[in-house]
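Everything below concerns the one structure shown next.
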Number of protein chains: 2
Amino acid sequence: MSEVEIGRLAGVLRAALAAEQVIDDRARLRTYECDGLAQYRVVPALVVLPHTAQECALVVRACVAENVPFVARGSGTGLSGGALPHADGVLIVTSRLRAITELAPDDERAVVEPGVINLAVTRAAAPHGYYYAPDPSSQQICSIGGNVAENSGGAHCLKYGFTTNHVLGLQVVTPDGDLVRLGGWAPDSPGYDLVGAFVGSEGTLGIATEVTVRLVRAPESVRTLLAAFPGTDAAGAATSAIIAAGVVPAAVEMMDALAIEAAEAAVHCGYPDGAGAVLIVELDGPTAEVDAQFAEVERLCRDNAAFEIRIAADDAERALFWKGRKSAFAAVGRISPDYIVQDGVIPRTALPEVLRRIGELAAERGVRVANVFHAGDGNLHPLVLFDDAIEGQAERAEELSGAILDLCVAYGGSITGEHGVGMDKAKYLPRMYTDDDLDTMQLLRCAFDPRALANPGKIFPTPRLCGEVPGRHKGAHPLQEAGLAEVF
Amino acid sequence: MSEVEIGRLAGVLRAALAAEQVIDDRARLRTYECDGLAQYRVVPALVVLPHTAQECALVVRACVAENVPFVARGSGTGLSGGALPHADGVLIVTSRLRAITELAPDDERAVVEPGVINLAVTRAAAPHGYYYAPDPSSQQICSIGGNVAENSGGAHCLKYGFTTNHVLGLQVVTPDGDLVRLGGWAPDSPGYDLVGAFVGSEGTLGIATEVTVRLVRAPESVRTLLAAFPGTDAAGAATSAIIAAGVVPAAVEMMDALAIEAAEAAVHCGYPDGAGAVLIVELDGPTAEVDAQFAEVERLCRDNAAFEIRIAADDAERALFWKGRKSAFAAVGRISPDYIVQDGVIPRTALPEVLRRIGELAAERGVRVANVFHAGDGNLHPLVLFDDAIEGQAERAEELSGAILDLCVAYGGSITGEHGVGMDKAKYLPRMYTDDDLDTMQLLRCAFDPRALANPGKIFPTPRLCGEVPGRHKGAHPLQEAGLAEVF
């Protein structure tokens, strides 16, 4: 966009909204230059802060009118660059849409605006004995709108699933500025499940302006243990044994020696000395169930070489167990100047083997990897450590990071578990999908956003115009395509 | 299609497949004229029985080449006419694709072909301690492909969710005959969740040719009780009390007096005499949990006026409890020559009020209604009884049936809980969605199937050509549309 065009769009929006809702001051724009993945930085041309769904729709229509791309942003805590601004585009920040519109614990539902903070939903529901289940590590600051865009998970998705399992209805601004409703209040809305398709679409199909979520009954009992193992093999075997016993823990988290070292340095969580790996296992549910299963989990940890087991005596001790885990990403900054947070998924049964392979790949490249992950559902978060000041390290780390994703795919897993594709992983998508598979996804994007104005450049590896997506007629006579021409 | 055209397409398909896989004999075609909703009957022009995904794709490409509509059919047990044939179209029957391709209980996954019977998945997984959770009443004969098309539920969706919660990956034939993969093995695949959009799309986005499903660990313990109440108010209050206590039963099923009468007449299930309503409550899970909660459920039933409670002593008695419930639809044939099976959803908390209103509406019209439903999740199945031989009764029943759906919508519910929209409910869809909401769904259909050859006439109330779906440019200058022109 030229400066004249930016100025004109800013003027249009200031007149339609309030002047303070439109930011075009270069210094202020810079505060929005990245999301939680700071390795990509782009200053947007304009930032707009709508207050209502109608204002969101108006901003989108203004962008469409000027053929200007737009990117939605919640709290900006995403880890795949999904909310990375477009240099010639408008960044639509939804943080001022922050009302909890309806709270109906008896029906296990709440209706919230996208700027509502994840934990605020739980805080509102707690007095009624309910909570909102998806709990990304950033839950104190991340927004529901961002969670919807990225289909966020969390430590407890093993038992409770992802954001998509907890969103029933949406009001969205489509990429041409219409306000429409998808899904609703019922557990299964008729017609296409566009809620499912929208959740995790990372702003490329529009902007959520209202979200109907499921509330979950707070469990009667929560018990948490921390078990120390000689290494990740033993901890992985314990995890498999727990799941195989039919226990579905609320969470099974693993950290390896390097991750423990980092967490100790940062938050002094006091994990057992000499542990090659720790598991945090949390059970929740009715007291009778939790108590019975907890004893079994303890036994299975011991059977698999746990040399120390601590049981949280109260909420304070539970919080301390979790503190090390939840601060692990930031904590590696203590032991390495730079690092890449990777996110991949493997079948849980392949855990020990894949961890060994990651160790080998890291050793071959002379790069250190700290492993922190949701062991129960095979969602790995290898932290690839490097020093940008040392020639070639960043490249080796980046290469290793990609090799780890190849490993995940080779074992039948996925290139992202819960952080989304965003800007960061678009290039890896072809490792999982064929061109035909990706073109099928493009059909949906092009149907919603043929001009590619809604968060362009995210998710899909190859920017292509919608006219280029193979249509239904491919040129040849259809019977030749059908492989049937010869029978005539 | 003219007879010449049918003959030509039949010839093409016979040459490409085997002669016996293509049916054009009028008498044999007639066996396919309806699905489980026998009030609609259409004889297809041609029936084809492919053996493989590649053959399915070939048939679709042949249809596309001749511009002939096609409809996929599994076992034909659907209750919304979703598999109703097209008179000028090809019916593609997937029942011969019946291999369980992969069974990986350790990873809690199975890969099956669409013609595999629902219960066969559970039978295959059972020796390993696993089962396939979605259990429609027809599970002994319905197919996984049909379950995917209709997003089938079942008595246990209260705890375990719908088909969509258990399908992770699909291979599908797109409406232009390409074979593509959606989703995969991982719990959350990157990119758009087209699996979510495809499940429940009733054959309008293509045909599933391979389905990756989640296997669920068989519970350690299952306990079932049958409680008799004076009426549905008390039974509804007991249901609410159970859920409010934080218990998540595997199933809470209710039948009213008329439904009980029908079931007794048909299968002699021996439900308690004089019951105005019965509840079947089933708990499953770890024994410790089930035992503790079962005692609570029993107490809550008594507190809410249950006058008799029976506890299943063994699998045989449990089966007897369920026999009455599962045969209820067919059983009403004993007490009424004709009936409509309705399917709607309301918030569970509105249950007593909505049941009273249904009673009033029925009385006003002089029509009887038997109520059988999944009380736990508010999924009603009113059976509207009538005698087609009596002038005007069918119309009154049909009108009442629609009025019940209006009631569901008025209470914030849905026009279908688990039977799908199909042919039967397309006309009701505008009661839940605005034109803009429906056009948003059409965007997806038109992206996948611009020629409207894949199961045309289902789901959407108004057949419209894809060119008629409002595109992104609506004619007026975009700034006028944006409501911003005045600021220039």
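The values are calculated or read from the model by the stated rules, or taken from the named source; none is laboratory data. None of the values given here were measured: they were computed from a predicted structure. Note that each Cβ is placed from the backbone with ideal geometry, even for glycine, and that neighbours are counted across all protein chains shown.
Hey, any hits in region B:468-487 for a residue that's within 8 Å of chain A (Cβ to nearest Cβ), modelled with pLDDT of 90 or more and over 18 Å from A:ALA447 (Cβ atoms)?
No, the conditions are met nowhere in region B:468-487.
Which is loosely packed, with under 14 Cβ neighbours inside 10 Å and among the small types (Gly, Ala, Ser), of B:SER2, B:SER80, B:SER75?
Details: B:SER80 fails: loosely packed, with under 14 Cβ neighbours inside 10 Å; B:SER75 fails: loosely packed, with under 14 Cβ neighbours inside 10 Å.
Result of the check over B:SER2, B:SER80, B:SER75: B:SER2.
Filter region B:122-161 for residues that are among the β-branched types (Val, Ile, Thr) and in contact with a helix residue (DSSP H, G or I) (Cβ under 7 Å, 6 or more places away or on another chain) and give the result. Explain how you work it out, then say what you get.
Narrowing region B:122-161 to residues among the β-branched types (Val, Ile, Thr): B:122, B:141, B:144, B:148.
Across region B:122-161, the qualifying residues are B:ILE144, B:VAL148.
I want to confirm something. Restricting to region A:154-164 and keeping residues that are more than 7 Å from chain B (Cβ to nearest Cβ) and in contact (Cβ under 8 Å) with a residue 40 or more places away in the chain, which single residue is surrounded by the most Cβ atoms within 10 Å (Cβ to Cβ)?
Looking at the filtered set, the residue picked out is A:CYS157.
Tell me whether region B:24-45 contains one or more residues that are crowded, with 20+ Cβ neighbours inside 10 Å, assigned to a strand (DSSP E or B) and among the hydrophobic types (A, V, I, L, M, F, W, C).
no
Does region B:90-110 contain at least one residue that is assigned to a helix (DSSP H, G or I), within 26 Å of B:THR174 (Cβ to Cβ) and either touching a helix residue (DSSP H, G or I) at 6+ places or on another chain (Cβ under 9 Å) or modelled with pLDDT under 95 (or both)? Break it down stepwise before answering.
To start, the set of residues in region B:90-110 that are assigned to a helix (DSSP H, G or I) comprises B:105-107.
Narrowing further to those that are within 26 Å of B:THR174 (Cβ to Cβ): none.
Checked against the condition, which is being assigned to a helix (DSSP H, G or I), within 26 Å of B:THR174 (Cβ to Cβ) and either touching a helix residue (DSSP H, G or I) at 6+ places or on another chain (Cβ under 9 Å) or modelled with pLDDT under 95 (or both), region B:90-110 yields no hits at all.
Please verify whether B:MET423 is within 30 Å of B:LEU158 (Cβ to Cβ), touching a Gly at 6+ places or on another chain (Cβ under 8 Å) and within 10 Å of chain A (Cβ to nearest Cβ), treating the condition exactly as stated. If you could, list the steps in order and put the result at the bottom.
Working: within 30 Å of B:LEU158 (Cβ to Cβ): yes; touching a Gly at 6+ places or on another chain (Cβ under 8 Å): yes; within 10 Å of chain A (Cβ to nearest Cβ): no.
When the stated conditions are applied, B:MET423 does not pass them.
To keep it simple, each residue is scored yes or no on (1) in the same structural domain as A:ILE390 (by TED's automatic domain parsing); (2) over 26 Å from the mean Cα position of the chain (by Cα).
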| residue | (1), (2) |
| --- | --- |
| A:ALA257 | no, no |
| A:GLU261 | no, no |
| A:GLY270 | no, yes |
| A:THR287 | no, yes |
| A:ALA306 | no, yes |
| A:ILE346 | yes, no |
| A:PRO352 | yes, no |
| A:ALA363 | yes, yes |
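So B:ASP35 ticks every box in (1) farther than 27 Å from B:MET423 by Cα; (2) under 26 Å from the mean Cα position of the chain (by Cα); (3) among the acidic types (Asp, Glu) but one. Which box is left unticked?
(1)
Would a scan of region B:165-180 turn up a residue that is at the interface with chain A (Cβ under 9 Å from one of its Cβ atoms), among the polar types (S, T, N, Q) and part of a helix (DSSP H, G or I)? It would help to see each step written out before you state the result.
In the first step, residues of region B:165-180 are kept if they are at the interface with chain A (Cβ under 9 Å from one of its Cβ atoms); the result is B:165, B:172, B:174-180.
Narrowing the set further to residues that are among the polar types (S, T, N, Q) leaves B:165, B:174.
Among the residues that remain, those that are also part of a helix (DSSP H, G or I) are: B:165.
Among the residues of region B:165-180, at least one is at the interface with chain A (Cβ under 9 Å from one of its Cβ atoms), among the polar types (S, T, N, Q) and part of a helix (DSSP H, G or I), which makes the answer yes.
Of the residues A:ALA319, A:ALA306, A:ALA288, which single one is within 14 Å of another protein chain (Cβ to nearest Cβ) and either modelled with pLDDT under 95 or outside any helix (DSSP H, G or I) (or both)? Write out each step before concluding.
Numbers: A:ALA319 fails: within 14 Å of another protein chain (Cβ to nearest Cβ); A:ALA306 fails: within 14 Å of another protein chain (Cβ to nearest Cβ).
Of A:ALA319, A:ALA306, A:ALA288, the one residue that is within 14 Å of another protein chain (Cβ to nearest Cβ) and either modelled with pLDDT under 95 or outside any helix (DSSP H, G or I) (or both) is A:ALA288.
So, B:LEU258, is that one in contact with a strand residue (DSSP E or B) (Cβ under 7 Å, 6 or more places away or on another chain), surrounded by 24 or more Cβ atoms within 10 Å (Cβ to Cβ), of a type outside the set (Asp, Glu) and more than 30 Å from A:GLY206 (Cα to Cα) or not?
Working: in contact with a strand residue (DSSP E or B) (Cβ under 7 Å, 6 or more places away or on another chain): yes; surrounded by 24 or more Cβ atoms within 10 Å (Cβ to Cβ): no; of a type outside the set (Asp, Glu): yes; more than 30 Å from A:GLY206 (Cα to Cα): yes.
Considered against the rule, which asks whether it is in contact with a strand residue (DSSP E or B) (Cβ under 7 Å, 6 or more places away or on another chain), surrounded by 24 or more Cβ atoms within 10 Å (Cβ to Cβ), of a type outside the set (Asp, Glu) and more than 30 Å from A:GLY206 (Cα to Cα), B:LEU258 comes out as no.
Please go through region A:46-61 and give me each residue that is of a type outside the set (S, T, N, Q) and either part of a strand (DSSP E or B) or farther than 17 Å from A:GLY11 by Cβ (or both), ordered by number. Don't jump to the end; show me each part of the working.
Filtering region A:46-61 down to residues of a type outside the set (S, T, N, Q) leaves A:46-51, A:53, A:55-61.
Those that are of a type outside the set (S, T, N, Q) and either part of a strand (DSSP E or B) or farther than 17 Å from A:GLY11 by Cβ (or both): A:LEU46, A:VAL47, A:VAL48, A:HIS51, A:ALA53, A:CYS56, A:ALA57, A:VAL60.
Exactly one of (1) more than 26 Å from A:SER201 (Cβ to Cβ); (2) under 23 Å from the mean Cα position of the chain (by Cα); (3) part of a strand (DSSP E or B) is unmet by B:ALA133. Its number?
With respect to (1) more than 26 Å from A:SER201 (Cβ to Cβ); (2) under 23 Å from the mean Cα position of the chain (by Cα); (3) part of a strand (DSSP E or B), B:ALA133 is out only on (3).
With the condition kept exactly as written, say whether any residue in region B:326-344 is within 14 Å of another protein chain (Cβ to nearest Cβ) and part of a loop (DSSP other than H, G, I, E, B). Please lay out each step first, then the result.
First pass over region B:326-344, keeping only residues within 14 Å of another protein chain (Cβ to nearest Cβ): B:342-344.
So of that shortlist, the ones also part of a loop (DSSP other than H, G, I, E, B) come out as B:342-343.
The answer is yes; a qualifying residue exists.
Which helices (runs of 4 or more DSSP H) sit wholly inside region A:182-282 and have at least 1 residues that are more than 14 Å from chain B (Cβ to nearest Cβ)?
Working: elements: A:194-198, A:232-244, A:257-267.
Fully inside region A:182-282 and qualifying: A:232-244, A:257-267.
If you go through region A:436-466, how many residues are within 11 Å of chain B (Cβ to nearest Cβ), over 18 Å from B:CYS446 (Cα atoms) and β-branched (Val, Ile, Thr)?
Total meeting the criteria: 1.
Is region A:136-143 home to any residue that is under 29 Å from A:HIS374 (Cα atoms) and within 12 Å of chain B (Cβ to nearest Cβ)? Outline the logic, then answer.
Restricting attention to region A:136-143, the residues satisfying the condition of being under 29 Å from A:HIS374 (Cα atoms) are A:136-143.
Filter once more, so that each one left must be within 12 Å of chain B (Cβ to nearest Cβ): none.
No: region A:136-143 contains no residue that is under 29 Å from A:HIS374 (Cα atoms) and within 12 Å of chain B (Cβ to nearest Cβ).
Looking for whichever is within 14 Å of chain A (Cβ to nearest Cβ), more than 21 Å from B:THR239 (Cα to Cα) and touching a helix residue (DSSP H, G or I) at 6+ places or on another chain (Cβ under 8 Å) here; the options are B:LEU405, B:LEU351, B:LEU400. Which one fits?
Values: B:LEU351 fails: more than 21 Å from B:THR239 (Cα to Cα); B:LEU400 fails: within 14 Å of chain A (Cβ to nearest Cβ).
After applying the criteria, what remains is B:LEU405.
Could you pull out the residue among B:ALA218, B:ALA244 that is modelled with pLDDT under 95 and within 30 Å of B:ALA149 (Cα to Cα)?
Working: B:ALA244 fails: within 30 Å of B:ALA149 (Cα to Cα).
Only one candidate qualifies: B:ALA218.
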